[in-house]
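All remarks here apply to the structure that follows.
Where a number appears in this text, it was derived from the coordinates with a stated rule and is not lab data. Small disclaimer: the values here were computed from a predicted structure and weren't measured. Note that we place each Cβ from the backbone using ideal geometry, even for glycine, and neighbour counts take in every protein chain shown.
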Amino acid sequence: MQDAFGRSISYLRVSVTDRCDFRCVYCMSEHMSFLPRDEVLSLEEIERLCLAFVDRGVERLRITGGEPLVRKNVMQLFDRLGARIGKSALQEVTLTTNASQLARHAKDLVRAGVTRINISLDTMDADKFRQVTRWGDLTKVLAGIDAADAAGLKIKINTVALRGFNQDEIPDLLRWAHGRGFDLTLIETMPLGETGETRADQYLPLSLVRANLERSFTLTPSSHRTGGPARYYQVAETGGRLGLITPLTHNFCESCNRVRLTCTGQLFMCLGQEDSADLRGALRAGDAALDRAITAAIARKPKGHDFVIDRRNPAPALARPMSLTGG
Ligand code: SAM
Ligand code: SF4
């Protein structure tokens, strides 16, 4: 599948639920209202949509949310998709998780064919962890990370850089992650969804973080790519890899290879734009309708997003939170 700008679409992110057992301050408001359950696609429908994309050449699927591991029976979806790896265009099924439920799922993920996962972790301090996730328990998350590591999953830690919150802790997080053999990727906060917090207070440009890190570490740009928007650096002192995702200070849209499916079957061609296609209706109307809907949607994938975080304009760029579109 190629879009109108010649970008080849080989990556689908799938949000299997908008629900979550955390309420991270940059992602959701404390009193988040979730979608009515009857609007959410069944796991079978999600699988059919994923396979429709695989049939059109999608090579990588990332299961995300909300928190994907809180969706009932989600391991069935991993099993069924995992069975297609190497037997179709599909090369990889991955997961992004907050790791709260990972301890009980790690081995099953490996059994299903998952080899690497992304785990979100913004601090190693239990009190601060509770503060940033509002509801999270760091002990459970660390147990999830240990279980995933023991099961043989390759782990990448994703950390949202937050001004005045984890800014000073980033060097320690880097040492810890690399010491455990995990990659670390830092992400700038994106203005998505009403969270009840002021974005401009949270936003920390990674250009600043990098300059700070360079006081203690030698960062060498690396040609490593994972098919995602991160730019990588090799860290001489730790021997590990650091990724930076900078949607606000560096626009990565020109190499975007992905589209995103929500748990209600809406396909978003860009994380930062409103336009979407209703694939639930198309799926229920039959194969030909679905085929037409996917082709039309890819053809109108926009050139890029226009995120800005501005004190004079504090409203989010989009009302839609990351938990709906799938981070
Ligand atoms: N619940 C899972 C987790 O936290 O890993 C998966 C979904 S979560 C929406 C995916 C990623 O999006 C997480 O790494 C989270 O930190 C990130 N995220 C959420 N809201 C964001 C925002 N406004 N700006 C930047 N990253 C955000
Ligand atoms: Fe939940 Fe992930 Fe959003 Fe945090 S970032 S509230 S864990 S969906």
At R0 = 41 Å, FRET efficiency that the Cβ-Cβ distance of Ala299 and Lys128 yields, to 0.05 | 0.35
With axes computed from alpha carbons, what is the tilt in degrees of helix 170-179 against the longest principal axis of the chain, rounded to the nearest 10 within 0 to 90?
-> 70
Within the chain, which cysteines find no other Cys whose Cβ is under 4.7 angstrom from their own?
-> Cys20, Cys50, Cys253, Cys256, Cys263, Cys270
Pair Asp168, Thr139: separation of 7 Å Cα→Cβ label points (nm) | 2.7
For a label point 7 Å from the Cα of Ala289 along Cα→C-beta, name the residues of region 42-77 whose backbone N is under 20 Å from it.
-> 42-53
Take the Cα coordinates of region 214-302, assign each an equal point scatterer, and use the Debye formula without solvent to give log10 I(q)/I(0) at q = 0.13, 0.17, 0.23, 0.24 Å⁻¹.
-> -0.59, -0.78, -1.09, -1.14
What order, most packed first, do the peptides 27-37, 294-304 have when packing is the mean number of other Cβ atoms within 10 Å of each residue?
-> 294-304, 27-37
Summed residue charge, Cβ within 11 Å of Met269's Cβ, Lys/Arg positive, Asp/Glu negative | +3
With the cut-off at 25 Å, report for region 2-122 the share of all Cα pairs above it, as a whole percent.
-> 26
Would you list which lysines come within 29 Å of Lys140, measuring only between C-alpha atoms, while excluding same-chain residues fewer than 8 positions from it?
-> Lys72, Lys107, Lys128, Lys154, Lys156
Taking only the Cα positions of the chain, the convex hull volume per residue in Å³ is 124
Between Ser33 and Glu237, what is the spin-label point distance in nm, taking each point 7 Å from the Cα along the Cα→C-beta axis?
-> 4.9
State the antiparallel share, in %, of DSSP beta bridges confined to the chain, rounding to the nearest 5.
-> 35
Order these peptides, 262-273, 67-78, by their mean beta-carbon neighbour count within 10 angstrom, highest first.
-> 262-273, 67-78
Hey, what's the Cα Rg ratio for region 65-218 versus the globular rule of thumb, 2.2 N^0.38 Å?
-> 1.12
Please compute the net charge surrounding Ala4, taking Lys and Arg as +1 and Asp and Glu as -1 over other residues with Cβ under 11 Å from its Cβ.
-> +3
Which whole-number percentage describes the relative contact order of the chain, with Cα contacts under 8 Å and a sequence gap of 6 or more?
-> 22
Can you give the angle from 0 to 90° between the axis of helix 102-112 and the longest principal axis of the chain, with both taken from C-alpha atoms, to the nearest 10?
-> 50
Those aspartates and glutamates that a straight Cα-Cα span of less than 12 Å connects to Lys301, excepting residues fewer than 8 apart in one chain | Asp3, Glu254, Glu274, Asp275
